[in-house]
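Working notes for the structure below.
The values are calculated or read from the model by the stated rules, or taken from the named source; none is laboratory data. Fair warning: this is a prediction, and the values are worked out from it, not measured in the lab. Here Cβ is always computed from backbone atoms with ideal geometry, including for glycine, and neighbour counts include all displayed protein chains.
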Amino acid sequence: MVDKVRWHTRAGIAATALIGAAGLTACGSGGGGDDGALSMVVWGGDAEKETYQQRIDLIEAENPDIEIELQLIPSDQYAQKVQTMIAGGDGPDIMQVAENVNSYSSKSQLLPLGEHIDSSGLDMEQRFGPVADLYAYEGETYAIPDRSGAMVVFYNKDLFDAAGIEYPTAEWTQEDAHAAMEQLTVPGEQWGYGGAGWWAQWWSFAYQNGGQIIDDSGRPTANSPEVAEALQWANDLAHVDHVVPTPAEYADMGPDVGGDQAFAAQTVAMNTTGFWGIIGLAEADFDWGIAPMWQGEQQAVSGFGSGLAITRDSENPDKAFEAIELLTDVEAQQVLIDNALDVPANLEVQQSDAFLHPEWAPEDLNMGAFGESADFILRAPFIPEWNEMMAAFDDNLGTFWNEGGDAQTELDKVQTQLESIIE
Amino acid sequence: MTTTVDEAPGAARPARRAGRRRTKMSPRRRKEALYFWLFISPWLIGFVGFLLGPMIASVYISLTEWDSFTPPEWVGLENYAKALTEDPVFWKALWNTFYFAAISVPLGLVIGVWLANLLNKQVKGRKLFRTFIYLPTLVPLVATAMVFKMVLAPSGPLNDLLGWVGIDGPEWLLSATWIKPALIILSVWGAGGATVLLLSAMNGIPRELYEAAEIDGASPWRQFWAVTFPQITPVIFFNLIMGLIGAFQIFSQVYILAPGGNVGGPDNASQMMVTLLFQEAFSFYHFGYASAVAWLLFIVILVFTLIAFRTARKWVFYETEVR
C-alpha cells in the first residue's frame, strides 16, 4: 500500500515542478506581436524615446497599415535585454544595432536584407553614401543606417583667440594640432586637448597613420608600427607633453569627468567627440566651434552611428522592412535634426538646409563639418567579437593610460590576446 | 490541540515512519497536509522555477558551448579545463576575490564588534551615534560610490589626510595595486549593518554575568573577552558566513567604481569572479564558460562556508548547548 504521506509529498513536488515550469514557459512566450503591430527596440533615454516616437507617429499617420510599438531600453541594459528577448524566442521585429551588430548577424539572429533592398528598389548608395555597406557581414547587409555622424573637433574660440591661434581645419596635420595644444596649455590649470583614451579617438590617429586594428583579410594587426606610433603619440600627449590631463588629473576634477565635461568647463581648449557634444554645450557661456578632424598621412576619423535591423523572430519581415525604409527616408530622418538628437544617416537630409542651419545651434556653427568628414570616416572592424576586442584593449592598456609607458609592448600583448579571440 | 505547533503539518516524520507505516490519514491530517502545500507553494514554485531549475540548467550549460542564440554544443568538461588551466583572467579574478574576501570580511567583523562595543557604553547621545553608524548602510551604493570617487581622487581628501602624516597617497582607483584596498575601504564603510546585529546581541547578555565578573575583579578588557565576546559569537558567526558569501559575490561595487567605465580595470586588477562571469555571459556570449565559472565559484564558497562551520564548534558558543 502506498504511503499516503509520501504520496502527498511526491504529488506536491511534482505539481510544484509543473507549475514552476509552466511559469517559465509563460515568461518565454509572452509579449506582443499577435495584433499585427511591429515591435521595435532602441536604446537611450527620454530624448531618444520622444524622437523615435515622433518618427513612428509620422510614418504611421501616412501609412495606416503600419503600426509600431516602441520599446525603449536604457543603454547600459540594452545588449543584455535584447539578448534575452532573442534567446527566449521573442525578439523584436526591428532592433537598433551599432558596433556589435555582427555578434547577432554572425549567429544568424538578424535577417539578411539584400532581397528586401532589391525588391523595394532602395538605392543604398544614393541614400547613405559611404556608410551604405557599414552593416554588411560576409557580403550581406544586415542593417540599414539610421544615424551616422563623424567625430569632430570641438574648439574653444575664446581660448584660441586669447592665444592668438588660427582655428582648426580639416587641413591641420597631427603636428599642427600638437603645436596648438602646446600653445593652449597653461600648466596645472588649462590643457590644449581633452585626450584620446577612447578607442574612437586614438584609432582615428592609427588609421591616419595608415594602420588598421584588423586588416582587410580579418587578421588582427593591432601591434603594427603605425598603430603603435599613434597610441604612443596619443598617450604621450598626457604623460610626456602634458598638453592633455592625465587620468589622475581628470579624477581630481570630479567623479566621471572626461573630455566632454572638461571642455564645457573650459579646462581643455579642444575636444574630439560626437554630435552629442553640441547639445552638451547648449548652455555654454563661451564661444566655441566645430571642425573636421585633423589628419596624418591621410584623413581618417571614427564615426558614430546606429542602424536598424530585423531579427529572425519577426513575424512580418516585409512590413518591418517597409517601416525601416520609411524611418530612414527624408521626412522621418528630419526629426533627428529638429530634435537635435543625432546626425541623420540619410545624405539628402545631412546636406539639407535644415541640418546645416538648425535652429538650436549657434548661428555660425559649421555643421558642414559632419558632411565633410563623412568621406573619410574610417571603417572600424565590426567583428562578431567586438566586445571581446574592446576588453582586450581595456585589459592591457589600463595601467598604460593611467601611468604612461611603451605602446609597442602593450600592443604586443593586445595582439596576442586578439589572435586567440579571433580564430 | 497540542499536536503540531512548531512542526510542519503533513511533513514526513522519519522517526515515526521508521516505527510503523501508517496506512490511513485522518481527515484532519489530510486537511493539514493540503494547507501545508497550499501555503508553502508560492515559495516552492519560486524556488523550483527560478532557482533550482536554472541551477540544474546551468550545470548542463556549463558542459556546453552556448552563445544563447544557436543550439548549445556539448563540450564536456572543456569549460572547466579552460578556466583552470588556460584562462589567466580566471586565476587573476579568483585571486582578487580571495584578496578582497580575506581582508574585507575579518576587517568588517573587527570594526563591527568594536563599534558595537563602543555604542553599548553608557554615553551621551548614544542613540544618535547608533543612527550615524547605521546610516551609511542606508545610502544607495551608487551615491556612496560617487562620493568615494571624489574622496579617493589622487589629490582628494583622503590623500590630503595621508599627506598630513607624511604619507604620499596612492592613486587608488587608477592604480592596479590600490584599487582592491579601495574596494575594501568601500565595503568597510558598510560595517554598520553588522554593528546593529551585534549590538542587539550585546543587549541580550544578562547583566548578572557582568556583575559576577565585576565581583571577581575582572577588568573591562577581561569582561569583554570573557563575557561579551563568547555571548555574541553566534552573531559574529552569522555575520562571518553572510560576509563570506557576500564578499565572494562582490559585483556592483566593481562596476560603479570602475575607472573610466573599464570594469575590472586597470588591467583586470579589480576583476572579480562575478563580474568576470557576467562579462563572459552577457558581453562575450560565452554562456557555457560563464556557467562553469559560476559553479567553480559555488564550490569555492561552499568550501569556505564548510570550513567556517567546522571551525565554528571551537569558538562559537550557544548558551543552550550542552557540551
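Mind checking whether some residue in region B:84-93 is under 14 Å from B:G288 (Cα atoms), part of a helix (DSSP H, G or I) and more than 14 Å from every other protein chain (Cβ to nearest Cβ)? Looking through region B:84-93, none of the residues is under 14 Å from B:G288 (Cα atoms), part of a helix (DSSP H, G or I) and more than 14 Å from every other protein chain (Cβ to nearest Cβ).
Within region B:135-162, the residues that satisfy the criterion of being of a type outside the set (A, V, I, L, M, F, W, C), within 14 Å of another protein chain (Cβ to nearest Cβ) and in a helix (DSSP H, G or I) are B:T144, B:K149, B:P157, B:N159, B:D160.
Taken over region B:150-166, the residue count meeting the criterion of being touching a helix residue (DSSP H, G or I) at 6+ places or on another chain (Cβ under 9 Å) and not aliphatic (A, V, I, L, M) is 5.
Only one entry in B:Q271, B:Q249 is buried (at least 18 other Cβ atoms within 10 Å of the Cβ) and assigned by TED's automatic domain parsing to the domain that holds B:P106, namely B:Q271. Specify the residue that is modelled with the highest pLDDT; the eligible residues are those in region B:1-56 that are among the β-branched types (V, I, T) and over 30 Å from B:W295 (Cα atoms). Among those residues, the one meeting the criterion is B:T23.
Residues checked against (1) without any contact (Cβ under 8 Å) to a residue 40 or more places away in the chain; (2) touching a Leu at 6+ places or on another chain (Cβ under 7 Å):
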{"residue": "B:F39", "(1), (2)": "yes, no"}
{"residue": "B:V89", "(1), (2)": "no, yes"}
{"residue": "B:N96", "(1), (2)": "no, no"}
{"residue": "B:S104", "(1), (2)": "no, no"}
{"residue": "B:W114", "(1), (2)": "yes, no"}
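Of everything in region A:362-393 that is in a loop (DSSP other than H, G, I, E, B) and among the hydrophobic types (A, V, I, L, M, F, W, C), the residue that is nearest to the other protein chains (Cβ to nearest Cβ) is A:I383. Which of the residues that make up region B:202-228 are touching a residue at least 60 places away in the same chain (Cβ under 8 Å) and surrounded by 13 or more Cβ atoms within 10 Å (Cβ to Cβ)? Selection gives B:M202, B:F224, B:T228. Listed by first and then second residue, the pairs linking a residue in region A:242-260 that is within 7 Å of chain B (Cβ to nearest Cβ) and surrounded by fewer than 23 Cβ atoms within 10 Å (Cβ to Cβ) to a residue that is hydroxyl-bearing (S, T, Y) and part of a loop (DSSP other than H, G, I, E, B), with Cβ atoms under 7 Å apart and 6 or more places separating them unless they lie on different chains, are A:D252/B:S155. Mind listing just one residue for me: the one in region B:171-201 that is outside any helix (DSSP H, G or I) and touching a residue at least 12 places away in the same chain (Cβ under 8 Å) and, of those, surrounded by the most Cβ atoms within 10 Å (Cβ to Cβ)? Taking the candidates together, the pick is B:A191.
The test for being in contact (Cβ under 8 Å) with a residue 40 or more places away in the chain, of a type in the set (S, T, N, Q) and assigned to a strand (DSSP E or B) does not hold for A:S204. Screening A:Y135, A:Y142 for residues that are under 16 Å from the mean Cα position of the chain (by Cα), away from chain B (no Cβ under 12 Å) and crowded, with 23+ Cβ neighbours inside 10 Å leaves exactly one candidate, A:Y135. The criterion of being surrounded by fewer than 21 Cβ atoms within 10 Å (Cβ to Cβ) and within 14 Å of chain A (Cβ to nearest Cβ) holds for B:G261. Please state which one of A:G149, A:G210 is part of a strand (DSSP E or B) and either farther than 19 Å from A:W288 by Cβ or not aliphatic (A, V, I, L, M) (or both). Only one candidate qualifies: A:G149. Within region A:296-318, track down each residue that is farther than 13 Å from A:I144 by Cα, surrounded by 21 or more Cβ atoms within 10 Å (Cβ to Cβ) and not β-branched (V, I, T). Of everything in region A:296-318, those that are farther than 13 Å from A:I144 by Cα, surrounded by 21 or more Cβ atoms within 10 Å (Cβ to Cβ) and not β-branched (V, I, T) turn out to be A:G296, A:A300, A:S302, A:G303, A:S314.
Could you check, for region B:103-110, whether at least one of its residues is in contact with a Gly (Cβ under 7 Å, 6 or more places away or on another chain) and within 14 Å of chain A (Cβ to nearest Cβ)? No, every residue in region B:103-110 fails to be in contact with a Gly (Cβ under 7 Å, 6 or more places away or on another chain) and within 14 Å of chain A (Cβ to nearest Cβ).
Does B:T97 fit the bill of being over 22 Å from B:F224 (Cβ atoms), at pLDDT 90 or above and part of a helix (DSSP H, G or I)? Yes, satisfied.
Kindly indicate whether A:I94 is surrounded by fewer than 22 Cβ atoms within 10 Å (Cβ to Cβ), in contact with a helix residue (DSSP H, G or I) (Cβ under 6 Å, 6 or more places away or on another chain) and at pLDDT 90 or above.
It is false that A:I94 is surrounded by fewer than 22 Cβ atoms within 10 Å (Cβ to Cβ), in contact with a helix residue (DSSP H, G or I) (Cβ under 6 Å, 6 or more places away or on another chain) and at pLDDT 90 or above.
When region A:71-130 is filtered for residues that are assigned to a strand (DSSP E or B) and in contact with an Asp or Glu (Cβ under 8 Å, 6 or more places away or on another chain), the ones remaining, listed by number, are A:L72, A:Q96.
Checking the structure you have, find out if any residue of region B:305-323 is over 30 Å from B:L77 (Cβ atoms), touching a Pro at 6+ places or on another chain (Cβ under 8 Å) and at the interface with another protein chain (Cβ under 9 Å from one of its Cβ atoms). The answer is no, given that none of the residues of region B:305-323 is over 30 Å from B:L77 (Cβ atoms), touching a Pro at 6+ places or on another chain (Cβ under 8 Å) and at the interface with another protein chain (Cβ under 9 Å from one of its Cβ atoms).
Restricting attention to region B:265-282, the residues being closer than 30 Å to A:M85 by Cα and more than 8 Å from every other protein chain (Cβ to nearest Cβ) number 10. Taking helices (runs of 4 or more DSSP H) as the structural unit, those lying wholly within region A:242-339 and holding at least 3 residues that are over 30 Å from A:W172 (Cβ atoms) correspond to A:317-327, A:330-338.
Exactly one residue out of A:S204, A:S224 is under 17 Å from A:T273 (Cβ atoms), at pLDDT 95 or above and assigned by TED's automatic domain parsing to the domain that holds A:Q408: that is A:S204. Selection over region B:172-212 of residues that are touching a Pro at 6+ places or on another chain (Cβ under 9 Å) and over 25 Å from B:Y99 (Cβ atoms) gives a count of 1.
Scanning region A:99-117 for residues that are more than 14 Å from every other protein chain (Cβ to nearest Cβ) and either over 18 Å from A:A320 (Cα atoms) or in contact (Cβ under 8 Å) with a residue 12 or more places away in the chain (or both) returns A:P112, A:L113, A:G114, A:H116, A:I117.
Taken over region B:48-81, residues that are assigned to a helix (DSSP H, G or I), among the β-branched types (V, I, T) and either within 10 Å of chain A (Cβ to nearest Cβ) or crowded, with 17+ Cβ neighbours inside 10 Å (or both) amount to 2. For region A:394-418, a residue qualifies if it is within 13 Å of chain B (Cβ to nearest Cβ) and among the aliphatic types (A, V, I, L, M), and the qualifying residues are A:L397, A:V414.
With respect to (1) under 19 Å from A:W288 (Cβ atoms); (2) assigned to a helix (DSSP H, G or I); (3) more than 23 Å from the chain's Cα centre (by Cα); (4) of a type in the set (S, T, N, Q), the lone exception for A:T169 is condition (2).
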